[in-house]
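> Sharing a structure with you now.
Please treat every number below as a calculation from the coordinates, not as lab data. Fair warning: this is a prediction, and the values are worked out from it, not measured in the lab. Here the Cβ is made from the backbone with ideal geometry for all residues, glycine too, and neighbour counts use every protein chain on show.
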Amino acid sequence: MYEARHQRPLTQAAFLRRLWGHGLLAAGLVVGSLGLGMLGYMHYEQLPAVDAFLNAAMLLGGMGPVDPPHTVAGKLFAGAYALYAGLLFLLSAALMFTPVLHRLLHRFHWPDDER
């Protein structure tokens, strides 16, 4: 996926395309996760779509739910979704930082006479 140590670093345009692709993947994961959370809140807590969106978005954002769950199934879902949201945050951050860190390290190790 990335260029090897012996390959020339990507051009600025190619790097920006790579970063854009990673950003789209991270955004897709967040949007898909938001939809999953909405479906869970709508199913387990019988919340309307807007309230389910708010609760799912708040959990994905790290703030916690607005409407506390009332059913056992809703509480289990909210707990599992909160753990998932924390992992998704780490994954999204890694997706965005990986191309930048790779480029930085690649440039650092690339010989000066070949830049």
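> Of VAL66, ALA4, LEU54, which is farthest on the positive side of the dipole of the chain, counting Cα position, with +1 on Lys and Arg Cβ, -1 on Asp and Glu Cβ, and the Cα centre as origin?
ALA4
> What is the gain in length, in nm to one decimal, between LEU16 and VAL66 on full extension, counting 0.36 nm per residue of separation less the C-alpha to C-alpha distance?
Working: separation 50, 0.36 × 50 = 18.00 nm, distance 3.74 nm.
Extra length available between LEU16 and VAL66 comes to 14.3 nm.
> Run the numbers on the range 34-110 and let me know its relative contact order in percent, using alpha-carbon pairs under 8 Å that are six or more apart. List each step's numbers first, then the result.
Numbers: 58 pairs, mean separation 19.0, N = 77.
Relative contact order, the range 34-110: 25 percent.
> Could you order peptides 40-52, 1-13, 24-36 by the average number of other Cβ atoms within 10 Å of their residues, highest first? Please list the in-between numbers first.
Numbers: 40-52: 16.9, 1-13: 10.2, 24-36: 14.0.
Result, highest mean first: 40-52, 24-36, 1-13.
> Let me ask something else about it. Let's see if you can work this out: charge +1 on each Lys and Arg Cβ, -1 on each Asp and Glu Cβ, no other charges. What is the dipole magnitude of the chain about its Cα centre, in debye to the nearest 20?
Values: 8 positive and 7 negative charges, 80 e Å.
Once rounded to the nearest 20, the dipole reads 380 debye.
> A follow-up question, please. Angle check, please: helix 12-44 long axis (alpha carbons) against the longest principal axis of the chain (alpha carbons), in degrees 0 to 90, nearest 10.
So the inclination is approximately 10 degrees.
> Once you put a point 7 Å from the Cα of LEU87 and another 7 Å from the Cα of GLN7, both along the Cβ direction, what distance in nm separates them?
3.0
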